[in-house]
Amino acid sequence: MTDIRQRFFIEHSPVRGEVVHLAETLQTILKQRDYPKAIELLLGELLAGSALLASTLKIKGRLSLQIQGSGSLKWAMAECNHLGELRALAEWNDDPVLMQADNGDVALGTLKDGVLFINIEPEHGERYQGIVPLEATSLAGCLTQYYDLSAQIPTRLALACDGERAGGLLIQLLPRNDEEQTLMDEDLWPRLTLLTNTLKADELIYLPAQEILYRLYNEEEVRLPEHENLSFGCTCSHERCEQALRQVGQETVQELLNEQNEIKMDCQFCNAQYRFGPEEALGLFGMHVS
Ligand SMILES: [Zn+2]
């Protein structure tokens, strides 16, 4: 059990869900910067949340969760693509309350007038952005609110992180057709909701997915397809840097080259460095260096 996403279905009902566990992926990402503990915990929850939400999509592309505010946490984001590749990043001010805090909700609480963005970027087709005010005191609470208000799909979410590992669980009642409506046990969803709320952070982080599902829903018939693997993955590349240089334009590129004889571009996510000498940088604009 390391970095996986386990989907599940409650048989004979329109209820589905998944459990996510992250260990190596989380540790790789948290090592990329010297984050305060509260932000590490928040990033763990954001990563688990993005992996849960990404699997509800039926498209090729990526889903990101981004928190934005004007307090000591400037912003934090995590994204997951259709291959189960994740990455995350945050910016903050050295505020003592944030630096000494030891839970992720504190990072969330230091946001002033914060909002949570849910971005969906398909490889082909239109982008989507959902916006949720940060009114709940936890990320799971904010995401639940989003599903209740915007998506109108009854959903319960649990997220937890201890700095080494992160866990997440999502369960949803999908829209039903008339036949399913009449067949479904009316108490099923309220019962599942109550059971889901009994899950403790430690259980979510450390128990294997099958064990969690058995403890919670052992009175139901739970079906588990093959699990999917999750891993760290960055989408930066030399080609993307070339595109970025083309976008800033020849004049700016020339100015940068006048200052230094080389353009260096660092990927904030994975610390990869891309370098462009005058010949290559100006070559992007069809110029030759004599
Ligand atoms: Zn990168």
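The values are calculated or read from the model by the stated rules, or taken from the named source; none is laboratory data. All values reported here derive from a predicted model rather than from experimental measurement. Backbone-built Cβ (ideal geometry, glycine too); neighbour counts: all protein chains shown. These area figures cover heavy atoms from the full protein model, side chains too; ligands, DNA and RNA do not enter into them. Shrake-Rupley method; radii C 1.70, N 1.55, O 1.52, S 1.80 Å.
So, with a 1.4 angstrom probe, what is the percent of accessible area on segment 131-180 that is carbon and sulfur?
Carbon and sulfur atoms account for 46 percent of the accessible area of segment 131-180.
Could you tell me whether segment 10-93 comes out rounded, prolate or oblate from its Cα gyration tensor? Rule is a ≥ b ≥ c as square roots of the eigenvalues, rounded for a/c under 1.5, then prolate if a/b exceeds b/c, otherwise oblate.
Prolate shape, in that a/c is at least 1.5 and a/b is the bigger ratio.
Note down the accessible area of ASP202, probe 1.4 Å, to the nearest 10 Å².
Solvent-accessible area, nearest 10 Å²: 110 Å².
Tell me, what is the per residue accessible area of segment 4-232 in Å², probe radius 1.4 Å?
Counting only protein heavy atoms, the per-residue value for segment 4-232 is 47 Å².
Note the full-extension length gain between HIS124 and ASP202 as 0.36 nm times their separation in residues minus their Cα-Cα distance, in nm to one decimal.
Answer, rounded to one decimal: 24.2 nm.
Express the accessible area of segment 238-283 per residue in Å², computed with a 1.4 Å probe while the remaining protein chains stay in the model.
Dividing the accessible area of segment 238-283 by its residue count gives 67 Å².
What number comes out for the charge environment of ALA38, summing +1 per Lys or Arg and -1 per Asp or Glu over other residues with Cβ under 9 Å away?
Within the 9 Å Cβ shell, the charges total -2.
Go through segment 42-59 residue by residue and turn each phi into a ³J(HN,Hα) via Karplus (6.51, -1.76, 1.60, θ = phi - 60°); whole Hz please, and just put x for glycine and proline.
Going residue by residue, I get 5, 4, x, 5, 5, 5, 4, x, 5, 5, 5, 5, 4, 6, 7, 8, 10, 10 Hz, with x marking Gly and Pro.
In nm, give the distance between the simple-model label positions of GLN260 and ALA151, each being 7 Å from the Cα along the Cα-to-Cβ direction.
4.2
In sequence order, what are the phi-derived ³J(HN,Hα) couplings for segment 16-27 according to the Karplus relation 6.51 cos²θ - 1.76 cosθ + 1.60 with θ = phi - 60°, rounded to whole Hz, with x for glycine and proline?
Listing the rounded values in order: 9, x, 7, 10, 10, 10, 10, 10, 4, 4, 4, 5 Hz.
In the chain, what is the count of Lys pairs whose alpha carbons are under 21 Å apart, counting only pairs at least 8 residues apart or on separate chains?
So the count works out to 5.
Do any cysteines in the chain lack another Cys Cβ under 4.7 Å, and if so which?
So far as the 4.7 Å Cβ criterion goes, CYS80, CYS142, CYS161, CYS241 stand without a partner in the chain.
Quick one: Karplus J couplings for segment 151-165, per residue in order, coefficients 6.51, -1.76, 1.60, θ = phi - 60°, nearest Hz, x for Gly and Pro?
Listing the rounded values in order: 8, 6, 10, x, 9, 10, 10, 10, 9, 7, 8, 10, x, 10, 9 Hz.
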